[in-house]
Amino acid sequence: MDYSNYLHLNSLSYFCYVDLVWKVEQWKDVIEYAGLYQVSDLGRVKSLGNDFKSKDKILKQNLNSVGYLIVTLSKNGKPKSWQIHQLVAIVFLGHKRCGYKLVVNHKDIIKTNNKLSNLEIVTHRKNTSLDHLKSSSQYVGVYWNKSAKKWMAQCKANGKRYYLGLYDDENDANIAYETFVINL
């Protein structure tokens, strides 16, 4: 679905419930594409008209396979896909991509809500913790595997993902997880 058709190019005014004031949409250059593309605090991306023939244009956003909105930016003829929430966080929050050490979190858990007010930089651990996600389990590292119809335990440590097995009982999966973490 093309989400960009619902918004016009002109900057939008919007009410900010946090500050209780009206604000105007803010645009900033995408760092690696300065002078070519800008991103707004509302999660919109536009290409900048660089000659007399072309005008600024809001780019079409599409959903990727895991549910995040993406956009394709080109520089020197080389296209690259970017997740919108990553662009907003890099430009407005000073986020530096660093693998899974620090990640961009959607506060409301809605992957398509890329407004600056909905994004924060958190540790990977917090991003996957139970107080953040609507998890199928009450335990960290334990998930319901629909296809196997069993509880799965897994852990990510030192940049590696460790599969700890499938269990009939959720508590058994948690014991496997806890044992692995203690031994690690």
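Some points to look at:
- Taking each of K126/K160; K46/K96; K80/K101; K78/K156 in turn, the alpha-carbon distance tops 26 angstrom for K78/K156.
- Cβ crowding within 10 Å, taken as a proxy for footprinting-reagent exposure, orders C98, C155 from fewest neighbours to most as C98, C155.
- Neighbour counts of C-beta atoms inside 10 Å place W22, W82 in the sequence W22, W82, starting with the fewest.
Laboratory data are not the source of any read-out in this text; all were calculated from the coordinates shown. If you're wondering where the values come from, they're calculated on a predicted model, not measured in any experiment. Virtual Cβ from ideal backbone geometry, glycine too; neighbours counted across all protein chains shown.
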